[in-house]
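*Asks:* Mind having a look at this structure? Questions to follow.
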Amino acid sequence: MAGVRVNVNVGVLGHIDSGKTALARALSTTASTAAFDKQPQSRERGITLDLGFSCFSVPLPARLRSALPASHPAAPETGPEPGEPQLQFTLVDCPGHASLIRTIIGGAQIIDLMMLVIDVTKGMQTQSAECLVIGQIACQKLIVVLNKTDLLAEGKKQAAIEKMTKKMQKTLENTKFRGAPIISVAAKPGGPEAPETEAPQGISELIEVVKKVKSMQMFHMPVTSAMQGDRLGICVTQFDPKLLERGLVCAPESLHTVHAAIISVEKIAYFRGPLQTKAKFHITLGHETVMGRLMFFSPAPDNFDHEPVLNTFDFSREYLFQEQYLCKDLEPGSTGSDQATEKAGQATEGLCPRQQWALVEFEKPVTCPRLCLVIGFRLNADIHANMCRLAFHGILLHGLEDKNYTESLLPKLRVYKLKHKHGFVERVIDDYSVIGRSLFKKETNIQLFVGLKVHLSTGELGVIDSSFGQSGKFKINIPGGLGPESKKILTPALKKRSRASKGEMAKQEEGAERQEPAQHVTLSLSFKRYVFDTHKHMVQSP
């Protein structure tokens, strides 16, 4: 059992200048070459620019050792072994500057536990809130660290800490981190320029809280294998390290380069404004961030309540195109909801589907694993504005690897738009035929619509038979014939035709004005048009 280590990755996140790097330094006993802002650029600017890695270890608690599977080297055994298993905490120090949000997101995806560092003199700030949102997406456990308590007036320190603790508890109340531990520390008493002889305050209490976390990733030390998030030193022979700035180490065939992807989508509630189809967002997948254009779609309205399917995508099903992501904050009667509903051609009555998806088309190819976390955000938003830039998150369900995916793969994606057209019956020809108008524009090729069914407001079902004249009118066949009530409504036009001369009738057929029916009989035409059907066929339900 000697030398065995169980590792847990702890992300250190928070607003810039909240003291994250100082906290990591105070906790750590071992630093990597990337720890504590060692890069010249970080030292020059005085801020963290990239992920920093350091660690500390404590004896593995007996309650955690007993919970390990028997096959794990740190599990209890009958015979005594020299040495004691260790619980190792790898600290992932993330930048705090708003412009480095893509790096923050990358760091959040490899952590098991998040420490949200708050400047106790300032409380929640813009990037603190963004880090909390990222944590809700990418992490299951949270500890809040109230830092810089040494800056509080000695006589009012405890009261100020208690006040900020209550504020943070209220902030976390409506998140999955409700009840998370809140610890106060002074990671670098006196500030950055203070001598190193100043001992950090509150660190031992923080470590005691960290030891209680039960959700961990585990690996053997020394390692013969590794997993996402592990900090490794790798020796590669006959390789010039100057040729590599950042790369990916993976098992063969585990990563794929995709030009587009189908993802599940869940809007982040704090993001203001709608998620519109055709809008562009910055998309982070793993450690890559690229621009992507989105098209949203949902189940057919009858399937809105179906149980979400989280890890697969079914190409055999049909999906309904959406002009924008449908969410509950667009209540019935609001402009966004009405427009989305009308354009999608559905009567949702304010209901939202339990699951929605998006097709994301990337501006450049992305290399990533299947089922990886996807986060969309507005990197170009004003970093000084009091707003959440994180817009949505989801899972990559299917990557489109062929660069000609628009021809080879998208036609298999059965996303349709519901189309509705409305017109009027202009007059009756006989008991089984009427002339319709106002359903098409004058330049429309009506031949494309021949054979489609239309419904009369009087209840009859008709079939478009042919065009009629040159003004967009058309002839409708009524297979079951007009009913008595329909004939009664259309009688004025029918009588006028019976009195007209043959010459007048010919003139009327060319579009001359004639007497309208006593009551309008409307026509409605509904059909599906599949977004990626190259032939633009119109399909009606049987």
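The values are calculated or read from the model by the stated rules, or taken from the named source; none is laboratory data. Remember, it's a predicted structure, so these values are computed and weren't measured experimentally. Glycine also receives a Cβ, built like all others from the backbone with ideal geometry; neighbour counts cover every protein chain displayed.
*Asks:* When both residues are 6+ apart or on different chains and their Cβ atoms are under 7 Å apart, which pairs have a first residue that lies in the stretch 154-171 and is without any contact (Cβ under 8 Å) to a residue 24 or more places away in the chain, and a second that is surrounded by 13 or more Cβ atoms within 10 Å (Cβ to Cβ) and part of a helix (DSSP H, G or I)?
*Replies:* From the stretch 154-171, the pairs are 157/149.
*Asks:* Identify all residues within the stretch 1-49 that are buried (at least 20 other Cβ atoms within 10 Å of the Cβ) and at pLDDT below 55; write none if there are none.
*Replies:* Across the stretch 1-49, the qualifying residues are 37, 48.
*Asks:* Let me ask something additional. Any idea how many residues of the stretch 288-312 are under 25 Å from residue 372 (Cβ atoms), over 15 Å from the mean Cα position of the chain (by Cα) and crowded, with 17+ Cβ neighbours inside 10 Å?
*Replies:* The qualifying residues number 2.
*Asks:* Here is a follow-up. What pairs come out if I take residues in the stretch 128-150 that are more than 18 Å from residue 372 (Cβ to Cβ) and pair them with residues that are assigned to a helix (DSSP H, G or I) and not β-branched (Val, Ile, Thr) whose C-beta lies under 6 Å away, six or more apart or interchain?
*Replies:* So the pair list comes out as 142/135; 144/168; 146/164.
*Asks:* Also, I was wondering about something else. Report those helices (runs of 4 or more DSSP H) wholly inside the stretch 95-207 carrying at least 1 residues which are in contact with a Pro (Cβ under 6 Å, 6 or more places away or on another chain) and modelled with pLDDT under 85.
*Replies:* Numbers: elements: 101-108, 126-138, 157-172.
The helices (runs of 4 or more DSSP H) meeting that bar are 101-108.
*Asks:* Being of a type in the set (Ser, Thr, Tyr) and within 49 Å of the chain's Cα centre (by Cα), is that true of even one residue in the stretch 468-479?
*Replies:* Filtering the stretch 468-479 down to residues of a type in the set (Ser, Thr, Tyr) leaves 471.
Now narrow it down to the ones that are within 49 Å of the chain's Cα centre (by Cα): 471.
Among the residues of the stretch 468-479, at least one is of a type in the set (Ser, Thr, Tyr) and within 49 Å of the chain's Cα centre (by Cα), which makes the answer yes.
*Asks:* For the stretch 315-327, how many residues are surrounded by 11 or more Cβ atoms within 10 Å (Cβ to Cβ) and assigned to a loop (DSSP other than H, G, I, E, B)?
*Replies:* Matching residues across the stretch 315-327 total 7.
*Asks:* So, one more: Within the stretch 373-394, can you find the residues that are surrounded by fewer than 19 Cβ atoms within 10 Å (Cβ to Cβ) and in contact with a strand residue (DSSP E or B) (Cβ under 6 Å, 6 or more places away or on another chain)?
*Replies:* 379
*Asks:* Going through the stretch 415-437 one residue at a time, which ones are surrounded by 15 or more Cβ atoms within 10 Å (Cβ to Cβ), touching a Lys or Arg at 6+ places or on another chain (Cβ under 7 Å) and within 30 Å of residue 322 (Cα to Cα)?
*Replies:* Scanning the stretch 415-437 gives 416, 417, 418, 423, 424, 437.
*Asks:* Evaluate the stretch 264-271: report whether one residue or more is in a strand (DSSP E or B), in contact (Cβ under 8 Å) with a residue 40 or more places away in the chain and closer than 19 Å to residue 403 by Cβ.
*Replies:* At the first step, the residues of the stretch 264-271 found to be in a strand (DSSP E or B) are 264-267.
So of that shortlist, the ones also in contact (Cβ under 8 Å) with a residue 40 or more places away in the chain come out as 264-267.
Next, only the ones that are closer than 19 Å to residue 403 by Cβ stay: none.
Within the stretch 264-271, none of the residues are in a strand (DSSP E or B), in contact (Cβ under 8 Å) with a residue 40 or more places away in the chain and closer than 19 Å to residue 403 by Cβ.
*Asks:* Also: Hey, does the stretch 367-378 have a residue that's touching a residue at least 24 places away in the same chain (Cβ under 8 Å), of a type in the set (S, T, N, Q) and over 24 Å from residue 312 (Cβ atoms)?
*Replies:* Taking the stretch 367-378 and keeping what is touching a residue at least 24 places away in the same chain (Cβ under 8 Å), we get 367-378.
Next, from what is left, pick out any that are of a type in the set (S, T, N, Q): 367.
Retained after the next criterion (residues that are over 24 Å from residue 312 (Cβ atoms)): none.
Taking every residue of the stretch 367-378 in turn, none turns out to be touching a residue at least 24 places away in the same chain (Cβ under 8 Å), of a type in the set (S, T, N, Q) and over 24 Å from residue 312 (Cβ atoms).
*Asks:* Please give the number of the condition residue 482 fails out of (1) in a strand (DSSP E or B); (2) modelled with pLDDT of 90 or more; (3) surrounded by 15 or more Cβ atoms within 10 Å (Cβ to Cβ).
*Replies:* (1)
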